[in-house]
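> Attaching a single structure in structure tokens format; questions to follow.
The values are calculated or read from the model by the stated rules, or taken from the named source; none is laboratory data. These numbers were taken from a predicted model, which means no experiment stands behind them. In this analysis, Cβ positions are derived from the backbone assuming ideal geometry, glycine residues included, and neighbour counts consider all displayed protein chains. Side chains included, ligands, DNA and RNA excluded: accessible areas come from the protein's heavy atoms. Shrake-Rupley method; radii C 1.70, N 1.55, O 1.52, S 1.80 Å.
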Amino acid sequence: MALLELTDVTRSVRLPDDRILAILQGVTLSVDAGEHVAVVGRSGTGKSTLLNILGLLDAPTSGEYVLDGTPIGRLSGRARARRRGDDFGFVFQQFNLLPGRTALENVAAPLMYARGKTFWRRFTLAAQMLDRVGLGDRLDTMPDKLSGGEQQRVAIARALVRRPRVILADEPTGALDVETGGEVMSLLDEIASESGAALIAITHDLAVAARAQRHYRLAGGVLLPIVLNAPGQVTEWIGDLPVSAPLATAVPITLEEDRA
Amino acid sequence: MTGIVGAIVEAWDELRIHKLRVLLALIGVAVAVCAITGITAAAQMMNQAVKEQTERSGGRATTLMVSAYPTGSVAPTGEQYDAEFTQIVERYGVEYASRELYSQLTFRFPNGAQPVQVQAVDVDYGVMRRVQPVQGTWFAEADADRFAPAVVVNEDFLELLGVSDLSGHPTVMLGGKTPVRTTILGVVATQWEGEGPTAFLLYDHFTRWASPDVQYGPVVPNLSLWVPPEMADELTELVRRDMSAGLPGTQTDVYQQGGGFDVLEGGARWVITGIGGVALLLGGLGLVNIALVTVRYRIREIGIRRSFGATSGRVFFGVLMESVVATVLAGLLGVMAAIVIIKNIPVERIFGAGLQDVPPFPLSAALVGMACATAVGALAGLIPAIVAVRVKVIDAIRY
């Protein structure tokens, strides 16, 4: 049985002029425990909405979402919040560290919503997690004194400190340079694999997406499976489409303005 | 359990991080609580001061002053008065009673004999009139059995005697038909500038050794009875009846003295409470204002916390608790400040006299102050808490 399963999920909103805007249409997705999945798509294609629905921050307009055998639609708001805390870890593009709190306090923050021993041992657990992401010597450093890469590592430690079953990463390298982004993604992949958590990353960076085992493309609210960087091929954005071409005849890398 | 502890820890963290903001918002609350608590305590102290002053001059609530002046040419003898007074005290089980009479006796001072205003009283008089010797002691029960009289004099008396303190156990000759050496037991403060020498003598010593100045008029003793205020009216009638029957040929008067006085009675109480209330309201409004601004500023943070699994209830309780924890702290500071201020009030300078029974800091005032602070915190936190819960998580994270 899949860890999480979306079946024919739609999400639409009513605009101020009473028109209905469909953000997601008929999305069907199944992710197993420990699997790494990437969803690519341009801005405004519904990537974040999909991630919010997966992470129980938003609810589908129609369709079914089953998380580990539990239909989410039947859960109360409170139960959804609990499942969100217990099962999901979020990594945001802008890191979203809590200002005014040290790295240690940031990582311990999700454990404030845990119960029992985990709650009382939150600082020990947080320190261990920071050590794991290589920031064992920066426990008392404020976020604004950390580099972008370090901040994202703190965010990764925070996402993983409650041992979630699913890590949802929203453009995790979006605010980092290519090199740091690569390092952060390696770390994220590594820790997710270590803990056996499924990793769902949404990104428009094909290099980041290529690290996943399965790839999807979201365009106009429709989710379709794609193959990225098959052996001997590279994938490039051509307009709205990631297109694979043989390495030798790879299309030249196009500039951002040329694509538009 | 961990939910509640977590919410409180979270609230504390928020306060710790936004120290300055919290401090500014809370000054108003702390000052208001300090005012409410302090004013109540000060008023109680003032009440006590006024009460003690009144009791010094007129006796405690309620003192019955009993007198029986002869109307004809034949006056009852001292023994008859004594017998009647004793009967009344025993009959009604009065715990504190004192016979009193004013007279003038001659004492021999280094620069010659001089008449001195003397008040003959019983030992209980000291308690009934809150007599506070500035040196030495007031009379004790055992003093009645002395072989020579003892006196408690005022400062002018001592000065006239050429003595500055009682360390040398000074004595003074009481003149009259049979002069007798008296021991000075204690010294009370001179009541007013130029009061002249005065002395207290035990009533029994007076009857045994004193030779009152006949020119001063007939010596008619009075009786003071300290009775429970609720029984005062009934006893007034009974004592008047008994005295009239027991001492025929006298005009018996019984009147009540030493009523309580409450400066916080009626309007004053409302004015003081009103001022404190308005101050607290202003403090609370400041807090609401700042809390609202902060919640808007913290929308993203609230969103992030929701992503950690914070329920709406937890977010609501968390924001509310921030306000409550803050105002409770402010209340505590306010109460502490009030205690420090009240304990350091120069009582003597403000109220004119030192307090004998300094009232303890009123616990009720402190509790009311704390309750007000907590209530203001809860009310001030309510609006921001509702705003925080209504924040859309997705918007909050993107904020």
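> Please enumerate the residues belonging to region B:254-295 that are modelled with pLDDT of 75 or more, loosely packed, with under 14 Cβ neighbours inside 10 Å and either under 20 Å from the mean Cα position of the chain (by Cα) or not in a helix (DSSP H, G or I) (or both).
Result: B:Y255, single match.
> Quick check on region B:316-362: of everything there that is at pLDDT below 80 and among the aromatic types (F, W, Y), which residue is nearest to B:N289 (Cα to Cα)?
B:F361
> Please state which one of B:K51, B:K19 is open to solvent by 40 Å² or more (accessible area, probe 1.4 Å) and either closer than 21 Å to B:R129 by Cα or of a type in the set (G, A, S) (or both).
Details: B:K19 fails: either closer than 21 Å to B:R129 by Cα or of a type in the set (G, A, S) (or both).
Result of the check over B:K51, B:K19: B:K51.
> Mind checking which residues of region A:23-50 are within 14 Å of chain B (Cβ to nearest Cβ) and modelled with pLDDT of 90 or more? Before you say what the answer is, go through the steps one by one.
Initial filter on region A:23-50 (within 14 Å of chain B (Cβ to nearest Cβ)): A:23-24, A:43-44, A:46-50.
Within region A:23-50, A:I23, A:L24, A:L50 meet the criteria.
> Which number in (1) at pLDDT below 90; (2) in contact with a Ser or Thr (Cβ under 8 Å, 6 or more places away or on another chain); (3) open to solvent by less than 30 Å² (accessible area, probe 1.4 Å); (4) within 14 Å of chain B (Cβ to nearest Cβ) marks the one condition that A:G149 misses?
Of the numbered conditions (1) at pLDDT below 90; (2) in contact with a Ser or Thr (Cβ under 8 Å, 6 or more places away or on another chain); (3) open to solvent by less than 30 Å² (accessible area, probe 1.4 Å); (4) within 14 Å of chain B (Cβ to nearest Cβ), the odd one out for A:G149 is (4).
> Follow-up. For A:D17, are the conditions met, namely being within 21 Å of A:A197 (Cα to Cα) and either within 14 Å of chain B (Cβ to nearest Cβ) or out of contact with any Ser or Thr (no Cβ under 9 Å at 6 or more places or on another chain) (or both)? Walk me through it before giving the result.
Values: within 21 Å of A:A197 (Cα to Cα): no; either within 14 Å of chain B (Cβ to nearest Cβ) or out of contact with any Ser or Thr (no Cβ under 9 Å at 6 or more places or on another chain) (or both): yes.
No; evaluated as a whole, the condition is false for this residue.
> Give, as residue ranges, the helices (runs of 4 or more DSSP H) completely inside region B:1-118 that count at least 1 residues that are away from every other protein chain (no Cβ under 14 Å) and modelled with pLDDT of 75 or more.
Numbers: elements: B:2-17, B:19-58, B:78-91.
Counting at least 1 such residues, we get B:19-58, B:78-91.
> Here's another thing I want to ask about it. Select, from B:A120, B:A140, B:A150, the only residue that is over 16 Å from B:R99 (Cβ atoms), surrounded by 19 or more Cβ atoms within 10 Å (Cβ to Cβ) and of a type in the set (G, A, S). Before you say what the answer is, go through the steps one by one.
Numbers: B:A120 fails: over 16 Å from B:R99 (Cβ atoms); B:A140 fails: surrounded by 19 or more Cβ atoms within 10 Å (Cβ to Cβ).
One residue alone meets the criteria, B:A150.
> Output the residue which, of all residues in region A:99-111 that are open to solvent by 10 Å² or more (accessible area, probe 1.4 Å) and not in a loop (DSSP other than H, G, I, E, B), is nearest to B:A7 (Cα to Cα).
Among them, the one singled out is A:E105.
> In addition: Out of region B:160-172, which residues are outside any strand (DSSP E or B), open to solvent by 50 Å² or more (accessible area, probe 1.4 Å) and either of a type in the set (K, R) or out of contact with any Pro (no Cβ under 8 Å at 6 or more places or on another chain) (or both)?
Result: B:S164, B:D165, B:S167, B:G168, B:H169.
> Taking A:R80 and the conditions (1) more than 13 Å from every other protein chain (Cβ to nearest Cβ); (2) not in a loop (DSSP other than H, G, I, E, B), which numbered condition does it fall short on, given that it satisfies the others?
All conditions are met except number (1).
> When you check A:I167 against the structure, is it buried (at least 23 other Cβ atoms within 10 Å of the Cβ), at pLDDT 85 or above and closer than 13 Å to A:K47 by Cα, yes or no? Break it down into steps so the answer makes sense when it comes.
Numbers: buried (at least 23 other Cβ atoms within 10 Å of the Cβ): yes; at pLDDT 85 or above: yes; closer than 13 Å to A:K47 by Cα: no.
Here the answer is no, as A:I167 does not meet what is asked.
> Tally time: how many residues in region A:1-47 are farther than 18 Å from A:I226 by Cα and not in a loop (DSSP other than H, G, I, E, B)?
14
> Separate question: With respect to A:F90, is the statement that it is buried (at least 18 other Cβ atoms within 10 Å of the Cβ), in the same structural domain as A:G174 (by TED's automatic domain parsing), touching a Phe, Trp or Tyr at 6+ places or on another chain (Cβ under 9 Å) and of a type outside the set (S, T, Y) true?
Numbers: buried (at least 18 other Cβ atoms within 10 Å of the Cβ): yes; in the same structural domain as A:G174 (by TED's automatic domain parsing): yes; touching a Phe, Trp or Tyr at 6+ places or on another chain (Cβ under 9 Å): yes; of a type outside the set (S, T, Y): yes.
The answer is yes for A:F90.
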